[in-house]
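The values are calculated or read from the model by the stated rules, or taken from the named source; none is laboratory data. Note that the coordinates shown come from a computational prediction; the quantities given were computed from them, not determined experimentally. Note that each Cβ is placed from the backbone with ideal geometry, even for glycine, and that neighbours are counted across all protein chains shown.
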Number of protein chains: 4
Amino acid sequence: MQSGATTNSDNPSASAGPLAPALCVSRWFNAQADISLESLRGRVVVLHAFQMLCPACVSHGLPQAMKVHRTFAQSDVAVLGLHTVFEHHDAMAPHALQAFLEEYRISFPVAVDRPSPNGPLAEPVPTTMRAYELRGTPSLVLIDRQGMVRLKHFGNIEDLALGALLGQLIAEPAEGPQQSSPSTAAGDSTGAPTPIQHRAT
Amino acid sequence: MQSGATTNSDNPSASAGPLAPALCVSRWFNAQADISLESLRGRVVVLHAFQMLCPACVSHGLPQAMKVHRTFAQSDVAVLGLHTVFEHHDAMAPHALQAFLEEYRISFPVAVDRPSPNGPLAEPVPTTMRAYELRGTPSLVLIDRQGMVRLKHFGNIEDLALGALLGQLIAEPAEGPQQSSPSTAAGDSTGAPTPIQHRAT
Amino acid sequence: MQSGATTNSDNPSASAGPLAPALCVSRWFNAQADISLESLRGRVVVLHAFQMLCPACVSHGLPQAMKVHRTFAQSDVAVLGLHTVFEHHDAMAPHALQAFLEEYRISFPVAVDRPSPNGPLAEPVPTTMRAYELRGTPSLVLIDRQGMVRLKHFGNIEDLALGALLGQLIAEPAEGPQQSSPSTAAGDSTGAPTPIQHRAT
Amino acid sequence: MQSGATTNSDNPSASAGPLAPALCVSRWFNAQADISLESLRGRVVVLHAFQMLCPACVSHGLPQAMKVHRTFAQSDVAVLGLHTVFEHHDAMAPHALQAFLEEYRISFPVAVDRPSPNGPLAEPVPTTMRAYELRGTPSLVLIDRQGMVRLKHFGNIEDLALGALLGQLIAEPAEGPQQSSPSTAAGDSTGAPTPIQHRAT
């Protein structure tokens, strides 16, 4: 988990792409029913991948996710935690996570990433974490109103930079412009959204 | 200046309006020539009003302005300081400000707000501060790409909330939609930009 | 564990008394052999009682204990952690603590407080915690060079105040004055060490 | 003043010596009459040398001095500020300092270090600062109950380490042991107090 405390050097703006992979979840906390990304379409989704024993997650990532949850209207931004245990599996089982969430008073929905079908010994990285190709914890995934992954960031990110990314995504229409105005298709065959640009901090 | 350490309770989103008043400046620091708001049209302007002996400005407002200056591309966001001395005028004269800016290594342009023509004894609040109706220091004014005041905020504002406001303003086009659609003619009240909405923190 | 995040209002200086009770330990981490308080006689002992899922322990108490460990000579001050699990026993078993200590890079010796012989269901508070009458986590116990408890503090304590207490205890001789002056015989109430006085912060 | 932001590498414990030089003061703030070190004999004196436009003084040194002032009994510890202006003299004149002290709500006595008799152009370092051979701001001088300089530290010092030094000095008797017990003079002709030892952080 030591890698989780460092920031990545890759460009966090280069992650635009297709629809966000579905979440593979073995259990939800702080949710009355399962939550699918489809059900959140139209809202910006902040997916915070963490491990309960990852120091940078506890000191930085989770407090930031809680702050995002407090700051933005739920109709604009949905915050989801994703417990992506890829080490110390015995120490971070769901019953331990439950105690952790209670002690840290985390109130947004948290999903337990489904372990690999081959078991954590054969494949320690859980299913959703693999599908999103996350490098460690904490990682932040931003999904736009249309369901596209717009940012994957490993390590800490400053509040100011994260706020700017969210402000930009919130400002985008829930319905893509390329669908409402066919003429813009000319010269833009992919219709892909513009990747978010922000200067490295 | 004690008021400068408190946050305001008014809604920071309610400040949309006409063109930002011109800056009345007696002296510029960190600028090779005078800077007008007109010359920054097309960029988002972050105007940070401060006093060099205001504790909340020194501990929060100015470091935040420096962080904004570092984080965003200068082609998108212009950061300006405005030294709005309304008390202790003798202790915060321009030569003292110069030493302050040097010691704190503030590198963005800083304007000295022009004192009232009647002198600070008769009218302690300087000219630009009065034109913007700022309540104290620190105050933050956000001006959009078209030159409209979109936020006036007195007191501290969190990085996450400020980032979101900036991300939204950066995402707006430099040319107003009312110009590309003639039906929203001059005088059409609907052509006004939408005030920025963000939840109070 | 919510009580662990609050500070106590009792006077932390009122805890002088007899010899510190022996540690009842089911397992040591970061120690090559069992450690007894007797073996530390002549040094000041900083005993930090914590739970690995207690937020105030993780954000304040443990970093402070690590700082004490770094700051003082080991010949003067011995830092010991004491994992006093009194809730969420399943989530904070020794194998989970081991992962926690590794992730947080805690390098001083840590003892697992021995569970009550009746089992945690009948008596959730472990043995040493009961012997010291600790109210929750984090708690700090200071033991002087002669083995006397000189401070029990529940909740956060500021670095400056803790440093002053340690400076005073370090300055005391390892051999008590009552031993060099036979007139302060056994049973002489005046031979008791002076409780540490410090102003509440 | 850039040097003021760095910590020194010299040993802060090596400063024991003769009686602390007298303070040469042109003006006192927060004091009803002049304060001499002699009048504080019997108490530990914390002398904090600062400049009002020195960033490390404002962010670290002065808040720490205020915390010392709050934490310890005034009968044990006297906190004095010393405004040692050695640059930007025009910007940090006494009237500016007065505004600064008011805005930052500094309540302990503050002395203005007397400028060199030759004037700041010929000799920018003021008189007391030269007598104490201070290297810059912030600097901390600790004087024991008998009036001896026991520590001179340039740059930041951690609360924990400062607390330990103060705890040790507070524990010392106001009357030196060498004076009340002549027999200890044998083999210790100087009678000098032991320099404070603490591990560099």
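Can you tell me how many residues within the stretch B:58-77 are more than 13 Å from the chain's Cα centre (by Cα), buried (at least 23 other Cβ atoms within 10 Å of the Cβ) and under 23 Å from B:Q98 (Cβ atoms)?
So the answer is 0.
Find all pairs meeting these conditions: Cβ atoms under 6 angstrom apart; at least six residues apart or on different chains; first residue within the stretch C:80-102 and of a type in the set (G, A, S); second residue buried (at least 18 other Cβ atoms within 10 Å of the Cβ) and in a loop (DSSP other than H, G, I, E, B).
That search, which allows pairs on different chains as well, returns C:A99/A:L53; C:A99/A:H88.
Give the number of residues within the stretch D:100-130 that are farther than 11 Å from D:F29 by Cα, more than 14 Å from chain B (Cβ to nearest Cβ) and buried (at least 21 other Cβ atoms within 10 Å of the Cβ).
Residues that pass the stated criteria total 4.
Quick one: in the stretch D:23-64, which of the residues that are β-branched (V, I, T) and touching a helix residue (DSSP H, G or I) at 6+ places or on another chain (Cβ under 7 Å) is nearest to the other protein chains (Cβ to nearest Cβ)?
Out of the qualifying residues, it is D:V58.
Hey, could you check the stretch A:85-125 for residues that are polar (S, T, N, Q) and closer than 23 Å to A:Q32 by Cβ and say which is farthest from the chain's Cα centre (by Cα)?
Looking at the filtered set, the residue picked out is A:Q98.
Restricting to the stretch C:33-54, name every residue that is outside any loop (DSSP other than H, G, I, E, B) and closer than 16 Å to C:I106 by Cβ.
Scanning the stretch C:33-54 gives C:V46, C:L47, C:H48, C:A49, C:F50.
Would a scan of the stretch D:47-56 turn up a residue that is among the aliphatic types (A, V, I, L, M), more than 27 Å from B:E87 (Cβ to Cβ) and free of Cβ contacts under 8 Å to residues at least 40 places away in the same chain?
Within the stretch D:47-56, none of the residues are among the aliphatic types (A, V, I, L, M), more than 27 Å from B:E87 (Cβ to Cβ) and free of Cβ contacts under 8 Å to residues at least 40 places away in the same chain.
Residue by residue through the stretch C:148-164, note down the ones that are farther than 15 Å from C:H48 by Cα and either more than 7 Å from chain D (Cβ to nearest Cβ) or touching a Leu at 6+ places or on another chain (Cβ under 9 Å) (or both).
Listed by number, the residues that qualify are C:M148, C:L160, C:A164.
Which condition breaks for A:A16 when tested against (1) within 14 Å of chain C (Cβ to nearest Cβ); (2) modelled with pLDDT under 95?
(1)
Suppose we filter B:G136, B:G147 for residues that are over 19 Å from B:A56 (Cα atoms) and touching a strand residue (DSSP E or B) at 6+ places or on another chain (Cβ under 7 Å); which single one remains?
B:G147
Within the stretch D:166-180, is even one residue aliphatic (A, V, I, L, M), within 14 Å of chain C (Cβ to nearest Cβ) and under 13 Å from the mean Cα position of the chain (by Cα)?
Yes, because at least one residue in the stretch D:166-180 is aliphatic (A, V, I, L, M), within 14 Å of chain C (Cβ to nearest Cβ) and under 13 Å from the mean Cα position of the chain (by Cα).
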